[in-house]
Amino acid sequence: MSINVFHLLETVLSEQVVKSLGARYGLTPELTRKISGAVAPAIMAAIMHRGTTPEGARSLFSTIMSPEVNAQIGKQLPDLLTSTAGLSQLEATGRELVQKATGANVGALSDAVAAQTGTPQSTAFSLAGVVGAAMMGILKHHFTASQGFVGQLPTLLGHQLSSVNASLTDRLAGAVGLGSAAAFAGSILSRLKDVSAHLDHPQPVVRPVPASVPPQTVGMSTPPIVEEKRRHHWLWWLLAALALIIAFFALRSCQHDEQAAPEAAASAPPAAASAPPAAVAASDAASDAAAQSAAQAASQADSASAAVAASGTVASGAVAAVAASDAAPAPTQDSHLSFTVDKSGVPTITATVGTEAEKQQLMDALTKKFGAGKFTANVNVDAATKPAEWLAHLDGLLPLMALPGAEVKIDGTHVELSGAAADAKAGWLDKLKALFGSGFDIGVFNVQKAVADATQSFRDAVKGLFATDASCAGADVAKVLNLQVVNFKTGSSIVPASAADDLRQSARALIACSKRGQPVSLEVAGYSDNVGDKAANLALSKQRALAVRTYLASQGVPLSRLTAQGYGDVNPVESNDTESGRFHNRRIEFIAKQ
């Protein structure tokens, strides 16, 4: 069963939701709908294009079913739009999912949408995230509800072509790397059909019908009644169940009678000790008749009994499996592996896996490679963790664990290299891409890109704080301000020029709340990574917090509304094992105060 994603998107982006979005971005509902109507076909076209190779389809399906995709977005979207922070997070997540699923440049798409609709690029950029998150959620909800598989994806995507053709322009097609709209429409169905043949299409499991041997009569040929037995196999199951129940209670009754017989004999009166001859004869005759009838019934049911016994065992196993499945919730969090290698080539490994068997597999491989006691490992087992797919490629990772200065972080199927592992001359990026295959997202951590992404997310979100109906609740304001990155130089407490514009915007937002009679009080908290002297890091984190407080005050924020404190390397938000983890731990954090 397929779906029309565009029809469902119209339901998700209801009239009320469109009005709320328009109010957030300062747009009319008509213009909001126009922008989403341009974004959606471009994103779907890019998704369809990604699904035209087996590797692309598998990667796309993996992204759709990833934890980052919200399958309940249709119900939750109105609530997500009630706070600036919720909307900002939705936008950022949607853009990341579109980028990961399609490889398209969301910025280029936003430029094309802005030019086509006459709206600001930043507004198109924001709405692209919302629409992308909604479309991915619709797809995940469908595959989850129908227990779908990757082999069904090309057909489902092909069914979206008519809706895509209705709105896809050459400008939009070019922005997502598809050439012209006509060229895309003319080839996409055949390419999707071709790739479908290379994907798995699981067949429903067929329950075997137990074979029964018909009674044989000497000198006669009796045709087998196979069709009759198949038609009434449910009757055999019913009779078998009744037979098992009767046998169970009969056995219990016999055991009870055997236990009660000596007591009854001891307590019975003398007259009852002997029965009249006629009564004894009748009892014997009845016993013989019952035994004869039982023997006849047994000879007729011999062939069915074996099948019933085997079927009963299978059924019991199935019931036990279902019960175990119901008792244990499906794992929801990604497995994790990170390691850093010191100058002498000794690795320190941190990991979270779902089972003791996976932990043992990892520890055995490390011991075999490095020897007992020649590595440091902290491996946690959490039943809520999905299977660690990277364990299948552990042999290829082990040499990298011996490279001095190497740093690697793996979360689910996302692999990030830093330190010596990111050195282009060493070629580990290409090696791991070949090792892991297309199902994994492998890249090198880049500070400049991380700062640029954070800056864009903050600038999109902070606009909402200037709306007339914006929330000035301290927690909401702090969430937006915490999207920015103040990337101090090593050892410095001077506010970097790259952060000046964002801090000025932060000051404007705080002043706007004060003018509305809703002043916000914040603590500016400074944190560091764990590299270097602990006392020096604590002092530097305090100096940086004070520097940010002073800068905000210079822009007109009352000092009485701001405090500053340094906390050093406590409360890390990520592991300090990798460059990206240390980057995120060296942070300025805004905390709402009463």
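The values are calculated or read from the model by the stated rules, or taken from the named source; none is laboratory data. The model shown is predicted, which means the values in this text are computed figures rather than measured ones. In this analysis, Cβ positions are derived from the backbone assuming ideal geometry, glycine residues included, and neighbour counts consider all displayed protein chains.
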Of the residues that make up segment 569-587, is at least one over 23 Å from residue 445 (Cβ atoms) and crowded, with 19+ Cβ neighbours inside 10 Å?
no
Only one of 453, 469, 460 that is over 26 Å from residue 417 (Cα atoms), assigned to a helix (DSSP H, G or I) and either of a type outside the set (Lys, Arg) or free of Cβ contacts under 8 Å to residues at least 60 places away in the same chain (or both)
460
Quick test for you: out of 501, 469, 476, pick the one residue that is touching a helix residue (DSSP H, G or I) at 6+ places or on another chain (Cβ under 9 Å) and either aromatic (Phe, Trp, Tyr) or crowded, with 17+ Cβ neighbours inside 10 Å (or both).
476
Condition check for residue 566: surrounded by 19 or more Cβ atoms within 10 Å (Cβ to Cβ), out of contact with any Pro (no Cβ under 9 Å at 6 or more places or on another chain) and not basic (Lys, Arg)
yes
Somewhere in segment 121-128, is a residue of a type outside the set (Phe, Trp, Tyr), in the same structural domain as residue 25 (by TED's automatic domain parsing) and surrounded by fewer than 17 Cβ atoms within 10 Å (Cβ to Cβ)?
yes
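Quick grid of which residues meet (1) more than 21 Å from residue 167 (Cβ to Cβ); (2) of a type outside the set (S, T, N, Q); (3) part of a helix (DSSP H, G or I); (4) in contact with an Asp or Glu (Cβ under 8 Å, 6 or more places away or on another chain):
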site	(1), (2), (3), (4)
16	yes, no, yes, no
33	no, yes, yes, no
45	no, yes, yes, no
57	yes, yes, yes, no
78	yes, yes, yes, no
82	yes, no, no, no
86	yes, yes, yes, yes
101	no, yes, yes, no
Give the residue that is surrounded by the fewest Cβ atoms within 10 Å (Cβ to Cβ), with candidates limited to residues of segment 330-350 that are in a loop (DSSP other than H, G, I, E, B) and β-branched (Val, Ile, Thr).
332
Considering only segment 416-456, state which residues are among the charged types (D, E, K, R), modelled with pLDDT of 90 or more and closer than 27 Å to residue 496 by Cβ.
416, 423
Does segment 5-12 contain at least one residue that is closer than 30 Å to residue 590 by Cα and either assigned by TED's automatic domain parsing to the domain that holds residue 462 or in a helix (DSSP H, G or I) (or both)?
no
So which strands (runs of 3 or more DSSP E) are wholly in segment 488-594 and hold at least 1 residues that are under 30 Å from residue 415 (Cα atoms)?
521-526, 588-593
Scan (1) assigned to a helix (DSSP H, G or I); (2) under 27 Å from residue 583 (Cα atoms); (3) free of Cβ contacts under 8 Å to residues at least 12 places away in the same chain for the single condition residue 424 breaks and write down its number.
(1)
